[in-house]
Amino acid sequence: MRFYYSSILLLTVLTVSSAIAHGRVETLDGAWSLQSGQYLDENQQWVDYQSRGLTAIKVIAGEYFSFTTMQQSEAAAPTLWAAASGRLVYDGTTYTEYPTLNSFDASASFTFEYQLEVLENGQIAWHTKRIENGELKELEVWLKR
């Protein structure tokens with residue numbers, strides 16, 4: 001019985017790995033936890049999310065997204081850093097958010113290049129990078145929950 005379950009797990013991991021390697025993963029649906037990230041601030045300095053105490057969850061369902069980012073510190077209760085929800089479009093290499101509700105002055109859309117990776121432990125990592133006017137502005141790594 002143990003061999004049976006191990007075989008199924010291995011087959012599942014290999015199938016997902018093969019699908020990702022060959023660009024056949026067709027959905028980002030699900031819940032994602034932010035693992036790491038950095039952004040280019042208004043002074044053209046890279047800021048690491050961890051140094052700001054940022055944590056986030058993003059949920060994608062069909063053509064919609066929603067995320068909440070909180071800032072945590074040892075001295076105070078967590079506070080809202082950013083939140084948004086709206087429509088999305090993705091095609092296997094790019095992902096575009098069209099926020100309809102947000103906690104910040106959002107532009108009409110945000111486009112990210114992305115790649116999915118199956119980690120050794122079987123988890124799926126989602127690597128994103130946002131480029132605006134030819135300049136890299138943000139890098140993030142999310143793990144599927």
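Here Trp142 fits the description: within 14 Å of Phe67 (Cα to Cα), out of contact with any helix residue (DSSP H, G or I) (no Cβ under 6 Å at 6 or more places or on another chain) and not β-branched (Val, Ile, Thr). Counting only residues that are surrounded by 12 or more Cβ atoms within 10 Å (Cβ to Cβ) and not in a strand (DSSP E or B), the range 130-144 holds 0 of them.
Count, please, the residues in the range 41-65 that happen to be within 16 Å of the chain's Cα centre (by Cα) and either surrounded by fewer than 16 Cβ atoms within 10 Å (Cβ to Cβ) or at positive phi (or both). Walk me through it before giving the result.
Filtering the range 41-65 for residues within 16 Å of the chain's Cα centre (by Cα) gives 48-50, 54-65.
Add one more test, that the residue is either surrounded by fewer than 16 Cβ atoms within 10 Å (Cβ to Cβ) or at positive phi (or both), and what stays is 48, 50, 57, 59, 61-64.
Summing the residues that are within 16 Å of the chain's Cα centre (by Cα) and either surrounded by fewer than 16 Cβ atoms within 10 Å (Cβ to Cβ) or at positive phi (or both) in the range 41-65 gives 8.
When you look at Ala108, is it loosely packed, with under 12 Cβ neighbours inside 10 Å and farther than 16 Å from Arg145 by Cβ, yes or no? The answer is yes for Ala108. Against the condition exposed (fewer than 11 other Cβ atoms within 10 Å of the Cβ), within 17 Å of Arg130 (Cβ to Cβ) and among the β-branched types (Val, Ile, Thr), how does Thr93 come out, does it pass? Taking the combined requirement at face value, the residue satisfies it.
Hey, does the range 111-121 have a residue that's among the polar types (S, T, N, Q) and within 12 Å of the chain's Cα centre (by Cα)? Show your work before the answer.
Of the residues in the range 111-121, the ones among the polar types (S, T, N, Q) are 111, 115, 121.
From what is left, the residues that are within 12 Å of the chain's Cα centre (by Cα) are 115.
Among the residues of the range 111-121, at least one is among the polar types (S, T, N, Q) and within 12 Å of the chain's Cα centre (by Cα), which makes the answer yes.
Look at the range 48-61: where a residue is touching a residue at least 24 places away in the same chain (Cβ under 8 Å) and farther than 16 Å from Ala82 by Cα and a partner is surrounded by fewer than 17 Cβ atoms within 10 Å (Cβ to Cβ) and acidic (Asp, Glu), sitting 6+ places away or on another chain with Cβ atoms under 7 Å, you get Ile60/Asp29; Ala61/Asp29. Within the range 28-40, residues that are over 19 Å from Lys137 (Cβ atoms) sit with their Cβ atoms under 7 Å from residues that are β-branched (Val, Ile, Thr) and surrounded by 18 or more Cβ atoms within 10 Å (Cβ to Cβ), at 6+ positions apart or across chains, in these pairs: Leu28/Ile60; Asp29/Ile60; Gly30/Ile60. Scanning the range 98-124 for residues that are of a type in the set (S, T, N, Q) and assigned to a loop (DSSP other than H, G, I, E, B) yields a count of 5.
Say we look at the range 1-35 and pick out the residues that are surrounded by fewer than 15 Cβ atoms within 10 Å (Cβ to Cβ) and modelled with pLDDT of 95 or more; which of these is nearest to the chain's Cα centre (by Cα)? My answer is Ser33.
Only residues that are touching a Phe, Trp or Tyr at 6+ places or on another chain (Cβ under 8 Å) and either without any contact (Cβ under 8 Å) to a residue 24 or more places away in the chain or surrounded by 13 or more Cβ atoms within 10 Å (Cβ to Cβ) (or both): list them for the range 69-90, please.
Thr69, Met70, Gln71, Ala82, Ala83, Ala84, Ser85, Gly86, Arg87, Leu88, Tyr90
The values are calculated or read from the model by the stated rules, or taken from the named source; none is laboratory data. Keep in mind it's a predicted model, so treat the numbers as computed, not measured. We place every Cβ from the backbone using ideal geometry, glycine too, and count neighbours over all the protein chains shown.
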